[in-house]
Structures are given as structure tokens and as C-alpha cells.
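The values are calculated or read from the model by the stated rules, or taken from the named source; none is laboratory data. As the structure is a computational prediction, the values presented were derived from the model and not from experiment. Note: ideal-geometry Cβ built from the backbone for every residue, glycine included; neighbour counts use all protein chains shown. These area figures cover heavy atoms from the full protein model, side chains too; ligands, DNA and RNA do not enter into them. Shrake-Rupley method; radii C 1.70, N 1.55, O 1.52, S 1.80 Å.
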Amino acid sequence: MYSLLNSVLSFVIIFIINNALSGNPVFLKSHMGFVFLGLVVYTYLLNIVFQKYLNKYVFLMLYNNEKKLFRKMLQTPLNILEKLGTQRFFTAVEDLRTFSLLPYTVTHTVNSLLMLILCLIYMFSLSVSAALIVIGLVLVVAFSYFIVMNSMSKHVEKLRSYNDYYYKYVQDVMKGFKELKLNFFRRKNLMNKFLFPNRDQAGVLDFKINYVFLSINLISQYGLYFVITTILFLLPEWGILNREDIIAYVVIILFISGPINNLINLQQMYTRFMVARKRIRNFINDFQIQHDEVEVKSAASFQKINFDNIEYSYEQATEADEQHFVLGPINLEIKKGETIFIIGGNGSGKSTFIKTLTGLYEPTGGNIKLNDSLIDSKENIQNLVAAVFTNNHLFSQNYEDYELDDNMQYEELLKLMQMDTVVADTSDEASRRNFSKGQSKRMSLIFALLEKKPILVLDEWAADQDPHFRKYFYTELIPRLQKQGKTIIAVTHDDMYFEYADRIVKFDYGQIVKDIDAATIKELKDASWI
């Protein structure tokens, strides 16, 4: 509706200009000046109001879709994220922002088309033959543009793939900064073999794409000169256009050059939209984005968890004949208040078991029971579990339901973890500054305990602690948590502290090969049984 009204008003402005230039006495009267000025002011105000609501709609659409993308991303299974990498998420957000120009592009396309149609009707009213010739010339210019533009879509998509890899390298720099600083050759190879070639190739391709866009945009400008030349010198000579209509035709051509340029230039935006749309669809398909999450209710009472023939199978490795890792079948009962140490060598299945226990991996076989009842959702288990993983992360903000300021339990936990002298105060900012790895894990454990969940999973938590605090953890902290009724499942290699566990469960080749209770642990005086 806006485009139709705006196009009609713009056409009336052209009509008045043409008649005034041609000397029509009706349009040379003084009151027509006021009419003309009123039309200009009115179309200006119309555009101002429309652009306000259009931009409001655009930004609302953009940021709502960013929220949807984040929500969907958080529903992605962990194994899919591990397989495809996090950099795809960053480029998906970048692709999404491309669509911030979609309403603007569509509106200007419709507006330009309507304006073009009205002007063409006016041209036909003056001379049908001249109008057909002009339209033919314009179509030749536009067709040449569209052919080149369509050929650029594959180059635009290739440029986006270069940026996918670029974000991988950025992530490597951010997460592996210490390792890169430690090794000169690693830094050199990162830059010279990967980062620099990627940026060089992307830069050349980006320049080529923009240079082609710039070059073909000039086609419309110089094509316009060719059309005007035809109107001024050829059509009158051929007797197709009267001299008195030349001014009207030239004014129309000059006026519709804007809509024509808009239609031609907007094609590159449509090309980018198509590429972005394809990439976002591939992102959604690859990440297996699922239905919306249900609201998690309060935790059920917990007495025991049973793993009945639980299996988890990773996808087949790259070599067709290479055997891939399979966890299980696992049969294990975890009772309320138990402290279980999980042990085993690298690749034995400990981490896979922990991820399956915490619901991060969906079992590919078997059943998990809670209090002898089959669980109907992984949230039934996750609502019982607080965890600190070996690669723990302290969030930049407090995403929990509890507050740290004036929180007596938080202050007590700081003292319990011997962090009260490290954290200056109980403000949220003080708890999220840069810590050493051991201190970071202590803070993560504090936050896990503040969740007040009955099961505590610790993945090699003590490995980054100094000897003093490691001993403190096993000899004082674990017994204290046991008295509070916590069920503790800890992955550990500290065999000298095994006596503080109720059970030792050993994994090897994805299987539980030993499950030893507390009485047996005390009888064994050495670690040869491990």
C-alpha cells in the first residue's frame, strides 16, 4: 500500500515536470508551484513515517530470529556440536543478519516496479513504437546484468565457506593461545599454512565479487547514456518520436533510471539472500535442531538410578573398515548417598559414560531407570545432577536462579573451598574474574553445590588442584559432602585416596571390568588390583 501510494505521487511529480517543461500553460500557473511543493513535502513525510515503521519491523525481526537461533542451538545434541564444530554457529548468525535488509529490499523492489510500470504507461501514451524500442534497450542492459549476477552466486557461497574455516582458526587462537605462544613453529604454520592462505584466497575472491558487482552496476549508468542517445538522435531521425515529445521521454528515462538501477542493484542482495538461506537451512539440518524444550519441573525424589544394558555408539569413523568406539552394554546401580570413583585409562569410556549419565549423550541402546521406573525424558536425570567437567567453564554472567550477594551459603562455600581470600567480595563480578585452573574448578564446584541437586558429578576435578588442596578434597571435603547426603560420582586417577570411596568402578574398552565395594577396598593394601 505504501509502495502504490508513493509510486502514484512520484508519477504525478514527473507528470507536472514534463508538462511544465513542454510549456503547457495550465502547469505554468503559480498555484501549480504550491501543488508541486506540497507533493514533494508530502512524499518526504510519507517516506519518513514509513521508514520508521519499516526499520522498527526489521530490527524486531532480526533480533527475534537471533533469539530463536540461540534457543535452537541450545537444543542441539552435544555429539552433533562436537562433530560439526562451533564455528558454524557464528557464520549462521552472520548469515541471519543478512536478512536485516530483506524488508527494505522487497519494498524498494515493489516500489521501483510500480514506478517503472507507471512511467512505461506514460511513454506508451506518447509513442508506442518509441516505447517498445526503449523497453527493448533497457531489457538488453538488464539481461546482461542478470546473467553475470547469477554466475556470482557460487562465488558468494565459496566466500562464505572460506569464512567458516577462518572462524575455526580464530577459535584455535582463542582456545589454544598458550599452546601457540609456547611453540614458534606451531604459530608459524598456523599463519603461513592456514590463516594467511585462507585470508589471501578470501580477499582475492571478495575483491573479485565486489569488483564484478561494481562493474556491472556501471552497466546501468552507461546503458542509460546509450538509451538517451537513441532517444535524442536516432528516434527523431527515424520519424518514430516527435521533437516535442523528446523532452518528455528524456525526463521519464532520467526519472526511471533510479528505479531501474534499484532493480538491477538489488539483485546482488537477492543473490546473498539465497546463499544465506541455503546455508541456514543446511545449518538447521546438519545440527538436527529439535522441538522446543519443555519447562523443567522440580526434581523428583531420588533413591537410585539403574543403567540396564545401556549402550552408546559413536558414528563410524572415516575409514570404512575402522572399528568405532562403543560404550557398553553397561549395567550399573547408583544409590542415594554413595560415593563412586570412576577409574580407567584414556579411551576406556569414562568420559562417554559421564556424558551418558548426565544426559548429554542419548543412549543408543538399553534403558535408564529412576527409582525402578523408566525415565521418559533425559531432563528427569539432568534435574538431579550438578556437574563440573574437566574442561569447566565459568560463565561471564550469573545464569542461575540464585543470587550471590548476601548469600550466606555462598560465603560459607567460599571458606570451605579456601577461596574467601582469593575472591575479594561476594559480588557477581568478583566471582567471574580470571582464576587459575585449580581455582576455576573450585568456583565451578561452589556454583554446582549452590544448585542443591542430590547428585554431584566431578570429572577429574582434583587433577588441577595443588597437593595440599587435593588431599583436603579427598580427606575432608568428600566426607563432609557425604554427611550432607550427596551422591558423588567422581572420575579420578588418585589411587592413594581410593579408601574414601564407597565403590570403585573401572572402565576398559567401553566396559565395566571391575566394581569393588568399600569393604573390599579396605582389604586391599596395594593398587595392584587396578
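Some notes on this structure:
- Set side by side, the residues I209, I253, I219 differ, and just one is touching a His at 6+ places or on another chain (Cβ under 9 Å) and closer than 23 Å to T109 by Cα, which is I209.
- Some residue of region 379-391 being in contact (Cβ under 8 Å) with a residue 60 or more places away in the chain and more than 27 Å from R480 (Cβ to Cβ): yes
- Matching helices (runs of 4 or more DSSP H) fully within region 1-107 where at least 3 residues are aliphatic (A, V, I, L, M) and out of contact with any Phe, Trp or Tyr (no Cβ under 7 Å at 6 or more places or on another chain): 2-21, 30-73
- Test result for N111, farther than 16 Å from R279 by Cβ, in contact (Cβ under 8 Å) with a residue 60 or more places away in the chain and in contact with a Ser or Thr (Cβ under 9 Å, 6 or more places away or on another chain): yes
- Any pair with Cβ under 7 angstrom, 6 or more apart, that starts in region 82-104 at a residue that is without any contact (Cβ under 8 Å) to a residue 60 or more places away in the chain and ends at one that is among the aromatic types (F, W, Y) and assigned to a helix (DSSP H, G or I): P103/Y57
- Residues satisfying the stated conditions in region 338-364, i.e. buried (at least 17 other Cβ atoms within 10 Å of the Cβ) and on the phi > 0 side of the Ramachandran plot: G344, G349, G359
- Test set (1) more than 23 Å from L21 (Cβ to Cβ); (2) at pLDDT 80 or above; (3) of a type in the set (V, I, T) - I216 fails condition number: (2)
- Filter result for K188 (in a helix (DSSP H, G or I), free of Cβ contacts under 8 Å to residues at least 24 places away in the same chain and within 30 Å of the chain's Cα centre (by Cα)): yes
- Counted residues, region 1-27 - those being more than 22 Å from P259 (Cβ to Cβ) and surrounded by 12 or more Cβ atoms within 10 Å (Cβ to Cβ): 3
- Output for region 475-514, where each listed residue is of a type in the set (K, R) and on the phi > 0 side of the Ramachandran plot: none
- Residue in region 320-327 that is surrounded by fewer than 16 Cβ atoms within 10 Å (Cβ to Cβ), at pLDDT below 85, aromatic (F, W, Y) and under 23 Å from V505 (Cβ atoms) present: yes
- Counting only helices (runs of 4 or more DSSP H) that fall entirely inside region 123-183 and contain at least 3 residues that are surrounded by 12 or more Cβ atoms within 10 Å (Cβ to Cβ), the qualifying elements are 128-151, 153-175.
Rundown of residues vs (1) small (G, A, S); (2) within 19 Å of I334 (Cα to Cα), yes/no style:
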{"position": "K437", "(1), (2)": "no, no"}
{"position": "L449", "(1), (2)": "no, no"}
{"position": "V457", "(1), (2)": "no, yes"}
{"position": "A462", "(1), (2)": "yes, no"}
{"position": "F469", "(1), (2)": "no, no"}
{"position": "P479", "(1), (2)": "no, yes"}
{"position": "R503", "(1), (2)": "no, yes"}
{"position": "K514", "(1), (2)": "no, yes"}
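- In region 211-239, the residues that are over 56 Å from the mean Cα position of the chain (by Cα) and closer than 20 Å to V140 by Cα: F233, L234, L235
- Number of residues in region 35-49 that are farther than 16 Å from F15 by Cβ and of a type outside the set (A, V, I, L, M) equals 2.
- Checking each residue in region 28-57 for being touching a residue at least 40 places away in the same chain (Cβ under 8 Å) and open to solvent by 70 Å² or more (accessible area, probe 1.4 Å) picks out only Y57.
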